[in-house]
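*Asks:* Questions regarding the structure given below will be posed in turn.
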Amino acid sequence: MATEAAYQRCIVPSCGAEYGILETRTCCERGHLLDTMYREKPNPELLKTVFRTRRNHGGNIFNESGVWRFRELLNFAGVNTEDYEQCSKVLVSRDGHEGLTKPYHMTKVAEHVGMPSENLWLQPEGDGNCSGSFKDRGMPTAMTHAKMVGATELACASTGNTSASLALYAGNEVGRMKAHVYVPKGQIAPGKLGQAFQFGAEITEAGSNFDEALAALLRDAKTRGFYIMNSINPFRLEGQKTIIISALERLDWRVPDWIAWPYGNGGNTAAFGKALDELLEWGFIDKKPRVAAVNAAGANTLYTLFNGHFKDRRLRWDRGDYDAALIEEFYARDIKPKTVASAIQIGKPVNLPKGLRTLEHYDGIVVQVSDEEMLDGMAIAGQNGFDIEPASAATIAGIKQLREEQTIAKDDVVLGILTGRNKDPQMIVDYHIKAQGRYSRPPRRAATA
Ligand SMILES: *Cc1c(COP(=O)(O)O)cnc(C)c1O
Ligand SMILES: [Zn+2]
């Protein structure tokens, strides 16, 4: 097996530190984030046909998997992608069951945001991922790397879905992998925490928000020898690239005018930009979409920094010369994120610089949406038969806002990523019974006899 097929590289061009694929690290010596880099340029014409053929998987779980179906575009393990035996030894998959979703039209949601339904594509990642969110896209790849380096103690800090997904994948490798999960006490949707318990993870309560839980994890990681499964791990992001790759493949590689998604820790923002960069460089697509990252108003660090609401300075990637001191100064403050969308209740996103790069490459914008707007978005998606969580509804609320202010034009084609399935049914019940929003439908009372 040719492990030299890929390597790790610092994202900052003026630093450019490089590391072998079998090194386990989350940053370079100077603390910058890392990318997974490939030496070979895949052949787009060949692979477009291969990917299409694999939709009829014929019992090959790596063709069935919505992640590994695109394995030539994330082959950091250097496997012979047509050798099933070798793939089975190296690549981690829940028997092919991850990433099995696609972009849908949702008529009610289109009406809600003010767009013709045929121009709006929404991809629910809660569908087709066993643990109920896109986190199942990144776990197979990160765990594949963990296996390559012989790690067995896998750990993450989580707003809920990462822990559910890690616990599920580690549970599926029982006896070989152990999941350690750090969660902020009382800040996790019950459905998510329940999954982490259910799948056998060791759970540590740490701090009162995600940022504190992650800090605690990083402190413990050294002494306890943990392999980090958060999105600071570049190999997790390789799997998350397939959210965009598979959506574009379903759209016959016709690039939409806009792609929108919620912003939490910024992992997707990083992964989506890298996916687009590579698809352009490798010749799969020839058009750039514009992108919109959507913050919750109660956890709006990216929104604040990007739009110049802190010290009047608009934070930009600046070809890698970003203002790290400004970020440090902002993060040194006591940030208390608070939103109903617990999956994106994050004050100090670790992937911030990578996200800035994506925003620069794709003429991106950052908007913020309120809890009420997310709850309404969640309710209206429900009416189309999709049970999404509030963080996912940030996408809908963001698109609505951008349509209203005409940033998204009437005829623009938009792809929105709905990141996860609802795991807090009580929130839905309250929305309706307590008439909290525009689409609330309090129950009728039957006539008494
Ligand atoms: C993790 C998560 C997010 C945040 O994604 P990032 O990549 O950290 O920005 C958004 N929505 C859901 C449902 C999630 O589970
Ligand atoms: Zn560096």
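*Asks:* Specify the residue that is farthest from ligand 2 (Cβ to nearest atom); the eligible residues are those in the range 30-51 that are under 26 Å from the mean Cα position of the chain (by Cα) and exposed (fewer than 12 other Cβ atoms within 10 Å of the Cβ).
*Replies:* LYS41
*Asks:* Quick one: ARG54 ticks every box in (1) more than 25 Å from the chain's Cα centre (by Cα); (2) among the basic types (Lys, Arg); (3) over 30 Å from ALA324 (Cβ atoms) except a single one, so which number is it?
*Replies:* The number of the failed condition is (1).
*Asks:* Out of THR107, THR141, THR101, report the one residue that is in contact (Cβ under 8 Å) with a residue 12 or more places away in the chain, out of contact with any Cys (no Cβ under 6 Å at 6 or more places or on another chain) and surrounded by fewer than 20 Cβ atoms within 10 Å (Cβ to Cβ). If you could, list the steps in order and put the result at the bottom.
*Replies:* Details: THR141 fails: surrounded by fewer than 20 Cβ atoms within 10 Å (Cβ to Cβ); THR101 fails: surrounded by fewer than 20 Cβ atoms within 10 Å (Cβ to Cβ).
On inspection, the qualifying residue turns out to be THR107.
*Asks:* Give me the pairs, please: first residue somewhere in the range 388-413 and within 19 Å of ALA296 (Cα to Cα), second residue anywhere and surrounded by fewer than 18 Cβ atoms within 10 Å (Cβ to Cβ) and of a type outside the set (Val, Ile, Thr), beta-carbon distance under 7 Å, and either six or more positions apart or on two chains.
*Replies:* LYS400/GLY114; ARG403/GLY114; GLU404/GLY114
*Asks:* Can you name the residue in the range 170-191 that is farther than 30 Å from LYS89 by Cα and in contact (Cβ under 8 Å) with a residue 40 or more places away in the chain and, of all such residues, is surrounded by the most Cβ atoms within 10 Å (Cβ to Cβ)?
*Replies:* If we filter the range 170-191 for residues that are farther than 30 Å from LYS89 by Cα, which is where we start, we get 183-191.
From the residues that got through so far, the ones that are in contact (Cβ under 8 Å) with a residue 40 or more places away in the chain too are 187-191.
On the way: GLN187: 21, ILE188: 28, ALA189: 24, PRO190: 13, GLY191: 18.
Among those residues, the one meeting the criterion is ILE188.
*Asks:* If you don't mind, there's one more thing I want to ask. Conditions first: (1) within 16 Å of ligand 2 (Cβ to nearest atom); (2) more than 25 Å from the chain's Cα centre (by Cα). ILE11 passes all but one, so which condition is the exception?
*Replies:* (2)
*Asks:* Can you name the number of the only condition in (1) in a loop (DSSP other than H, G, I, E, B); (2) of a type outside the set (Ser, Thr, Tyr); (3) within 22 Å of ALA170 (Cβ to Cβ); (4) touching a strand residue (DSSP E or B) at 6+ places or on another chain (Cβ under 7 Å) that PHE235 fails?
*Replies:* Here PHE235 clears every test but (1).
*Asks:* Among the residues of the range 110-156, write down those that are among the acidic types (Asp, Glu) and over 19 Å from TRP261 (Cβ atoms). I'd like the intermediate steps shown before the answer.
*Replies:* Taking the range 110-156 and keeping what is among the acidic types (Asp, Glu), we get 111, 118, 125, 127, 136, 153.
The answer is GLU111, GLU118, GLU153.
*Asks:* Follow-up. List pairs: first in the range 18-39 and acidic (Asp, Glu), second part of a loop (DSSP other than H, G, I, E, B), Cβ under 7 Å, 6+ apart or cross-chain?
*Replies:* Hits for this filter: GLU29/ALA17; ASP35/ILE11.
*Asks:* Sticking with this structure for a sec: Do you know which residues across the range 238-277 are part of a helix (DSSP H, G or I) and either within 16 Å of ligand 2 (Cβ to nearest atom) or free of Cβ contacts under 8 Å to residues at least 24 places away in the same chain (or both)? Walk me through how you get there before you give the answer.
*Replies:* Restricting attention to the range 238-277, the residues satisfying the condition of being part of a helix (DSSP H, G or I) are 238-250, 267-277.
The answer is ALA270, and nothing else.
*Asks:* Let me ask you something else. When you go through LEU280, LEU326, LEU315 one by one, which is the residue that is touching a Gly at 6+ places or on another chain (Cβ under 9 Å) and either without any contact (Cβ under 8 Å) to a residue 60 or more places away in the chain or not charged (D, E, K, R) (or both)? Write out each step before concluding.
*Replies:* Working: LEU280 fails: touching a Gly at 6+ places or on another chain (Cβ under 9 Å); LEU326 fails: touching a Gly at 6+ places or on another chain (Cβ under 9 Å).
Being touching a Gly at 6+ places or on another chain (Cβ under 9 Å) and either without any contact (Cβ under 8 Å) to a residue 60 or more places away in the chain or not charged (D, E, K, R) (or both) holds for just one of LEU280, LEU326, LEU315, which is LEU315.
*Asks:* Can you pull out the residues in the range 339-374 that are surrounded by 24 or more Cβ atoms within 10 Å (Cβ to Cβ) and assigned to a helix (DSSP H, G or I)?
*Replies:* SER342, ALA343, ILE344, LEU352, LYS354, GLY355, LEU356, ARG357, THR358, MET374
*Asks:* How many residues are within 16 Å of ligand 2 (Cβ to nearest atom) and in a loop (DSSP other than H, G, I, E, B) if we restrict to the range 19-29?
*Replies:* Kept after step one, since they are within 16 Å of ligand 2 (Cβ to nearest atom), are these residues of the range 19-29: 19-20, 23, 25-29.
Imposing the further condition that a residue be in a loop (DSSP other than H, G, I, E, B) reduces the set to 23, 25-29.
Summing the residues that are within 16 Å of ligand 2 (Cβ to nearest atom) and in a loop (DSSP other than H, G, I, E, B) in the range 19-29 gives 6.
*Asks:* Related question: I need the full set of residues from the range 347-365 which are away from ligand 2 (no atom under 16 Å from the Cβ) and over 13 Å from ALA292 (Cα atoms), in order please. Quick ask: steps written out before the conclusion?
*Replies:* At the first step, the residues of the range 347-365 found to be away from ligand 2 (no atom under 16 Å from the Cβ) are 347-349, 355, 358-365.
Within the range 347-365, GLY347, LYS348, PRO349 qualify.
*Asks:* Also: Within the bounds of the range 61-77, is there any residue that is within 16 Å of ligand 1 (Cβ to nearest atom), under 23 Å from the mean Cα position of the chain (by Cα) and either without any contact (Cβ under 8 Å) to a residue 12 or more places away in the chain or not in a strand (DSSP E or B) (or both)?
*Replies:* First, pick out the residues of the range 61-77 that are within 16 Å of ligand 1 (Cβ to nearest atom): 67.
Narrowing further to those that are under 23 Å from the mean Cα position of the chain (by Cα): 67.
From what is left, the residues that are either without any contact (Cβ under 8 Å) to a residue 12 or more places away in the chain or not in a strand (DSSP E or B) (or both) are 67.
Checked against the condition, which is being within 16 Å of ligand 1 (Cβ to nearest atom), under 23 Å from the mean Cα position of the chain (by Cα) and either without any contact (Cβ under 8 Å) to a residue 12 or more places away in the chain or not in a strand (DSSP E or B) (or both), the range 61-77 yields at least one hit.
*Asks:* Let me ask you something else. Being part of a loop (DSSP other than H, G, I, E, B) and surrounded by 22 or more Cβ atoms within 10 Å (Cβ to Cβ) is the filter here; which residues of the range 397-421 pass it? Break it down into steps so the answer makes sense when it comes.
*Replies:* Just the residues of the range 397-421 that are part of a loop (DSSP other than H, G, I, E, B), to begin with: 405-413, 419.
Of everything in the range 397-421, those that are part of a loop (DSSP other than H, G, I, E, B) and surrounded by 22 or more Cβ atoms within 10 Å (Cβ to Cβ) turn out to be ILE408, THR419.
Per-residue answers, yes or no, for (1) modelled with pLDDT of 95 or more; (2) under 26 Å from ASN63 (Cα atoms); (3) crowded, with 17+ Cβ neighbours inside 10 Å:
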site	(1), (2), (3)
ALA247	yes, yes, yes
ARG254	yes, yes, no
GLY266	yes, no, yes
ALA275	yes, yes, yes
VAL291	yes, no, yes
ALA296	yes, no, yes
LEU305	yes, no, yes
ARG313	yes, no, no
ARG319	yes, no, no
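*Asks:* Does the range 285-312 hold any residues that are of a type in the set (Lys, Arg) and on the phi > 0 side of the Ramachandran plot, and which are they?
*Replies:* Here is the first cut: in the range 285-312, the ones of a type in the set (Lys, Arg) are 287-288, 290, 311.
LYS311, the sole residue that qualifies.
*Asks:* Could you check the range 422-449 and list, in sequence order, the residues that are of a type in the set (Val, Ile, Thr), part of a loop (DSSP other than H, G, I, E, B) and surrounded by 14 or more Cβ atoms within 10 Å (Cβ to Cβ)?
*Replies:* Going through the range 422-449, the residues of a type in the set (Val, Ile, Thr) turn out to be 428-429, 433, 448.
If we keep only those that are part of a loop (DSSP other than H, G, I, E, B) too, we end up with 448.
Correct list: empty.
*Asks:* Would it be correct to say that GLY16 is more than 16 Å from ligand 2 (Cβ to nearest atom), surrounded by fewer than 16 Cβ atoms within 10 Å (Cβ to Cβ) and assigned to a loop (DSSP other than H, G, I, E, B)? Show your work before the answer.
*Replies:* Numbers: more than 16 Å from ligand 2 (Cβ to nearest atom): no; surrounded by fewer than 16 Cβ atoms within 10 Å (Cβ to Cβ): yes; assigned to a loop (DSSP other than H, G, I, E, B): yes.
No; evaluated as a whole, the condition is false for this residue.
*Asks:* Still on this model: Which residues, counting only those in the range 131-189, are part of a helix (DSSP H, G or I) and of a type in the set (Phe, Trp, Tyr)?
*Replies:* Taking the range 131-189 first, the residues part of a helix (DSSP H, G or I) are 135-148, 161-172.
Selection gives TYR169 alone.
*Asks:* Here's another thing I want to ask about it. From ARG219, ARG224, ARG254, grab the single residue that is touching a strand residue (DSSP E or B) at 6+ places or on another chain (Cβ under 8 Å) and more than 16 Å from ligand 1 (Cβ to nearest atom). Don't jump to the end; show me each part of the working.
*Replies:* Details: ARG219 fails: touching a strand residue (DSSP E or B) at 6+ places or on another chain (Cβ under 8 Å); ARG254 fails: touching a strand residue (DSSP E or B) at 6+ places or on another chain (Cβ under 8 Å).
Being touching a strand residue (DSSP E or B) at 6+ places or on another chain (Cβ under 8 Å) and more than 16 Å from ligand 1 (Cβ to nearest atom) holds for just one of ARG219, ARG224, ARG254, which is ARG224.
The values are calculated or read from the model by the stated rules, or taken from the named source; none is laboratory data. All figures in this text were calculated on a predicted structure; none of them were measured in a lab. Cβ coordinates were reconstructed from backbone atoms using ideal geometry, including for glycine residues, and neighbour counts include every protein chain displayed.
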